[in-house]
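Below is one structure, written out as structure tokens; the observations come after it.
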Amino acid sequence: MSGPHHEPKVSEREARQVAEAARQQDWHKPSFAKELFLGRFRLDLVHPHPMPPAEDAQRGEEFLAKLRDFCETKIDGALIEREARIPDAVVDGLKELGALGMKIDTKYGGLGLTQVYYNKALALVGSVSPAVGALLSAHQSIGLPQPLKQFGTPEQKETYLPRLARTDLSAFLLTEPDVGSDPARLATTAVPDGDAYVIDGVKLWTTNGVVADLMVVMARVPRSEGHKGGITAFIVEAGSEGVTVEHRNAFMGLRGLENGVTRFHRVRVPAANRIGPEGAGLKIALTTLNTGRLSLPAMCVGAGKWCLKIAREWSSVREQWGKPVARHEAVGAKISFIAATTFALEAVVDLASQMADEDRNDIRIEAALAKLYGSEMAWLIADELVQIRGGRGYETAESLAARGERAVPAEQLLRDLRINRIFEGSTEIMHLLIAREAVDAHLAVAGDIIDPDKTLGDKARAGAQAGVFYARWLPKLVTGPGRLPGAYGEFRHTGHADLSTHLRYVERTSRKLARSTFYAMSRWQGRMETKQGFLGRVVDIGAELFAMSAACVRAELLRTTGDDGRAAYELADAFCRQSRLRVEELFGRLWANTDDLDGRIVKGVLAGRYTWLEEGVLDPSGDGPWIADATPGPSTRENVHRPIR
């Protein structure tokens, strides 16, 4: 250990190797999104839209009815916002309802809901209080139940899942004061000691950590005789000696969030509490997030639905210049965007969730795209609602009520949603994560070519292998069904908008995207991974194409199963037309951008060349270090841990 915070000092190459080793590299099942990035539009993987078994749907609907009644009668979102705390009675009520065990199998006392209905439940709860939605999501999506379900031993499941289903809240502890998305620098240690490990370190932004009973803790086991070492996952009782919650953090939104700073000082954890082998912790965390990420966009869908309701009701009664504001084109365009995008977001989440339930496809890219796209678009939707509401959008619900108007918490939603672009992988990190998977096929064949440590002989052999791969792959990117006027005719019906034209566009554009990626790979080779601006745009194009596909497939499902088919086709058509404009802009920016210029400006900023531009203002920031000291040792602060019993 070295440095002021005792974090391991690692090179860029070492950090990349740690991340790569944790990545799930095998593809045993097909992936619609992965194929899309490779220029292969596998509509057969998502159409017809998969459906849940009747018994799963019935069980899910019955729980949603109970949860809706609880939300309407027991959860006061305004009170939680005002007091910045979820009342214990609400948490107790959720426990009695079984909401802590929505994703836990019935044999352990859980409800055994599908991913689809779990997401619907989160959207419902989140619409009343995003803080309560976050508490349930952190407990089950990234907290202890999910890694136990996938990697726990039978004994661990028997011991902990019944508690987690009914009484115990859980938290996930990975981030540290100086460690975010670069886990190679993880400083918390777990030193083997007989039949136990001794954990020391400090964890930051521990969602649910203030009230948790059980925690998943990621710590580094030193390599030694009989110990492989590496980042490892542990089950830790929050009340263990040496565990101190030193601070409850406060944020611009999600004011009821029980998120804190947790210090571990000589905390003994039985070896039986290790999840998986030593060194598998990061892989466990990333695998858990494959489906865990779907909970966040599910709540974004709920936010979109509420925004549409408020936009419709408000803009039909608010008049300007002799007519409702909705009838003015400038406002109408915003309402159209909200409606069409909410439809698409729900299509993306439901499709990815149903695929997760069926387990026929590998959905790691789909889930990541859902998180990325949902968090970005929901933020835009909420921003447009604030704009439609004008001054009332900026005014708090409490102030609106105090002067006699409807208490619409539009500004609160904007604050609450902002964290979603950072939670569970920031937008920038999601771009890189998805891009790594999207270009995986290229890196697999070109790996030795671009590896600076390989010999000329290795590079020559890799070049020959790459030549064979591209000789087979590139010709397939020239033409396809997207060029045929009658293709995807099952999405064209009399009296409905024609969606077949959009699917042909997706097919053509996926091939164009793959060609662009190949060109970039041949141009930049080993420097490709540094072209984060380019890779981000590639991912954003893929996200739009995935959303267009999901919207069309969902519209066709609704046409065949309900009374809303024509309306669904209208929304899908509007979304696809809006999405196509964004895609064309992104393609233009692949090659015509200011990336290189931006890099030069950044160097100038860091060199202090523009400090004169900062003159004329005062800095209201307080004193103190940019990053808090996380030196291991005993706590000197009051323990604010507050288990809810």
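The values are calculated or read from the model by the stated rules, or taken from the named source; none is laboratory data. Note that this is a predicted model, so its numbers are computed, not measured. Cβ atoms come from the backbone with ideal geometry, glycine included; neighbour counts cover every protein chain shown. Please note that ligands, DNA and RNA were not included when accessible areas were found on the heavy atoms of the full protein model with its side chains. Shrake-Rupley method; radii C 1.70, N 1.55, O 1.52, S 1.80 Å.
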(message) Please report the carbon-and-sulfur percent of the accessible area for segment 385-446; probe 1.4 Å, protein heavy atoms only, DNA, RNA and ligands left out.
(response) 56 percent
(message) Treating only the Cβ of Lys, Arg, Asp and Glu as charged (+1, +1, -1, -1), what charge dipole size does the chain show about its Cα centre? Round to the nearest 20 debye.
(response) 1480 debye
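For the chain, what does the helix formula give at 222 nm: sum of -39500 (n - 2.57) over DSSP H segments with n ≥ 4, over the residue count, nearest 500 deg cm²/dmol?
Values: 23 runs with 342 residues, N = 645.
My calculation for the chain gives -17500 deg cm²/dmol from helical runs alone.
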(message) Sort 143-149, 611-617, 562-568, 507-513 by the packing proxy (mean of other Cβ within 10 Å over each peptide's residues), most packed first.
(response) 143-149, 507-513, 562-568, 611-617
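What percent does the relative contact order of segment 525-627 come to when contacts are Cα pairs within less than 8 Å and at least six residues apart? Intermediate results must be reported in sequence, preceding the final value.
On the way: 43 pairs, mean separation 26.0, N = 103.
Rounded, it is 25 percent for segment 525-627.
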(request) At 0.36 nm per residue, minus the direct Cα-Cα distance, what do Arg582 and Thr106 gain on full extension? Give it in nm, one decimal, please. (result) 166.9 nm
(message) Below 12 Å, Cα to Cα, which aspartates and glutamates can Lys512 reach? Residues fewer than 8 away in the same chain don't count.
(response) Glu584
(request) List the DSSP H helices in the chain whose Cα atoms stretch 27 Å or more along the helix axis and whose mean Kyte-Doolittle hydropathy is at least 0.0. (result) 295-317, 329-358, 364-389, 532-561
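For segment 198-350, give the magnitude of the charge dipole about the Cα centre (Cβ charges: +1 Lys/Arg, -1 Asp/Glu; no others), in debye to the nearest 20. Each step should come with its number before you reach the end.
Details: 19 positive and 13 negative charges, 63 e Å.
It works out to roughly 300 debye.
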(message) At 1.4 Å probe radius, can you tell me the per residue accessible area of segment 316-381 in Å²?
(response) 37 Å²
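Would you mind checking Lys371/Lys531; Lys74/Lys157; Lys149/Lys371 for any pair whose Cα atoms are more than 26 angstrom apart? Don't jump to the answer; show the numbers that get you there.
Numbers: Lys371/Lys531 22 Å; Lys74/Lys157 31 Å; Lys149/Lys371 22 Å.
Too far apart for the 26 Å limit: Lys74/Lys157.
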(request) Answer with one residue from Asn290, Val217, Leu164: the one whose Cα lies farthest towards the positive end of the charge dipole of segment 163-313, charges on Cβ with Lys, Arg +1 and Asp, Glu -1. (result) Asn290
(request) Would you list, by chain and number, the lysines whose Cα falls below 18 Å from the Cα of Lys334, excluding same-chain residues fewer than 8 positions away? (result) Lys305, Lys309, Lys323
(request) Specify which residue in the list Gly495, Gly482, Phe41 is farthest towards the positive end of the charge dipole of the chain, using unit charges on the beta carbon of Lys, Arg (+1) and Asp, Glu (-1), about the Cα centre. (result) Gly482
(request) Would you mind pulling out the separation of the Cα centroids of segment 172-191 and segment 28-101, in Å? (result) 30 Å
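For segment 429-576, with only Lys/Arg (+1) and Asp/Glu (-1) charged at the beta-carbon, what is the dipole magnitude about the Cα centre, in debye rounded to 20? Spell out each step's value before the answer.
Working: 20 positive and 17 negative charges, 140 e Å.
In debye, rounded to 20, segment 429-576 gives about 680.
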(request) For Asp383, tell me the accessible area in Å² from a 1.4 Å probe, rounded to the nearest 10. (result) 70 Å²
